[in-house]
Amino acid sequence: MELTHIDKNGKAKMVDVSEKPVTVRIAKAFGRLKMGKEAYEILRKGEGPKGDILNTAKLAAIMGAKKTPELIPLCHPLMLSHIDVRFKLNDEDSSLEIESLVKSEGKTGVEMESLIAVLVAALTVYDMLKAVDKRMELGPFYLLEKEGGKSGRFRR
């Protein structure tokens with residue numbers, strides 16, 4: 001398999017998408033943040049030392065997805081048509097599960113935008129709870145699925 005972001009001399013390059021057709025692109029990603037019981041109870045109640053944790057994390061995730069090309073050097077700037085972030089509290093292991101959904105109509109996929117969304121959401125929760133628990137564990141993070149483009153559909 002050929003790497004698309006490496007030229008024949010082994011140097012980084014931005015993929016030329018000018019000849020690709022515009023299609024609907026969708027990507028879903030997953031992330032987890034595990035924490036101690038005290039931090040988890042604060043998260044469950046919804047208000048931490050710095051305010052509304054999950055609402056702040058959702059806004060940060062949306063903002064992060066929109067700034068993906070500023071963070072990942074070879075990503076194309078995209079017109080995103082929809083970003084959603086959902087949270088699920090897991091009482092069994094005091095963890096937060098995060099899922100993102102990103103949509104666009106364009107010539108390249110939105111996988112990186114979806115992954116950035118869950119990463120930024122997790123980092124935001126970490127930041128808001130770190131005064132209570134500096135031992136929080138971030139991860140795993142991974143792509144759940146993507147649709148659109150030449151490679152079609154992928155499901156984990």
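The values are calculated or read from the model by the stated rules, or taken from the named source; none is laboratory data. Owing to the predicted nature of the structure, the values given are computational and were not obtained by experimental measurement. Don't worry about glycine lacking a Cβ; one is built from the backbone with ideal geometry, like all the others, and counts go over all protein chains shown.
Would you tally the residues in segment 61-73 being touching a residue at least 60 places away in the same chain (Cβ under 8 Å) and either closer than 29 Å to R44 by Cβ or in contact with a Phe, Trp or Tyr (Cβ under 8 Å, 6 or more places away or on another chain) (or both)?
Of the residues in segment 61-73, 1 are touching a residue at least 60 places away in the same chain (Cβ under 8 Å) and either closer than 29 Å to R44 by Cβ or in contact with a Phe, Trp or Tyr (Cβ under 8 Å, 6 or more places away or on another chain) (or both).
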Check your understanding: Pick from segment 109-156 the residues that are of a type in the set (G, A, S), touching a Ser or Thr at 6+ places or on another chain (Cβ under 8 Å) and in a loop (DSSP other than H, G, I, E, B): which of them is nearest to T56 (Cα to Cα)?
Key -> G148
**Study point:** Residue pairs meeting the criteria (Cβ under 9 Å; at least 6 apart or on separate chains; first more than 15 Å from Y126 (Cβ to Cβ) and without any contact (Cβ under 8 Å) to a residue 40 or more places away in the chain, in segment 39-60; second in a strand (DSSP E or B) and acidic (D, E))
**Key:** G46/D52
Check your understanding: So how many residues does segment 49-61 have that are buried (at least 20 other Cβ atoms within 10 Å of the Cβ) and either over 18 Å from E99 (Cα atoms) or among the hydrophobic types (A, V, I, L, M, F, W, C) (or both)?
Key -> 5
Check your understanding: Restricting to segment 80-131, what's the tally of residues that are within 22 Å of G152 (Cβ to Cβ) and surrounded by fewer than 15 Cβ atoms within 10 Å (Cβ to Cβ)?
Key -> 3
Point to revise | Failed criterion for T68 (all others in (1) at pLDDT below 95; (2) surrounded by 12 or more Cβ atoms within 10 Å (Cβ to Cβ); (3) over 15 Å from A122 (Cα atoms) hold) | key: (1)
Check your understanding: So, in segment 15-41, of the ones that are out of contact with any Ser or Thr (no Cβ under 8 Å at 6 or more places or on another chain) and over 30 Å from K58 (Cβ atoms), which residue ends up modelled with the lowest pLDDT?
Key -> D16
Point to revise | Near pairs, Cβ below 7 angstrom, 6+ apart or cross-chain, from segment 120-140 (closer than 23 Å to T68 by Cα) to any residue that is part of a loop (DSSP other than H, G, I, E, B) and not small (G, A, S) | key: Y126/M136; M128/K50
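Against the condition exposed (fewer than 15 other Cβ atoms within 10 Å of the Cβ) and closer than 13 Å to M35 by Cβ, how does G139 come out, does it pass? Lay out the reasoning, then the answer.
Details: exposed (fewer than 15 other Cβ atoms within 10 Å of the Cβ): yes; closer than 13 Å to M35 by Cβ: yes.
Considered against the rule, which asks whether it is exposed (fewer than 15 other Cβ atoms within 10 Å of the Cβ) and closer than 13 Å to M35 by Cβ, G139 comes out as yes.
In this structure, is L33 touching a Phe, Trp or Tyr at 6+ places or on another chain (Cβ under 9 Å), closer than 30 Å to R153 by Cβ and either surrounded by 20 or more Cβ atoms within 10 Å (Cβ to Cβ) or among the β-branched types (V, I, T) (or both)? Steps first, answer last, please.
Details: touching a Phe, Trp or Tyr at 6+ places or on another chain (Cβ under 9 Å): yes; closer than 30 Å to R153 by Cβ: yes; either surrounded by 20 or more Cβ atoms within 10 Å (Cβ to Cβ) or among the β-branched types (V, I, T) (or both): yes.
Yes; evaluated as a whole, the condition is true for this residue.
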Study note, to complete from the structure: Checked pairs for segment 74-99, first over 30 Å from K13 (Cβ atoms), second at pLDDT below 95 and not acidic (D, E), C-beta under 7 Å and 6 or more apart or across chains, list as L89/R44
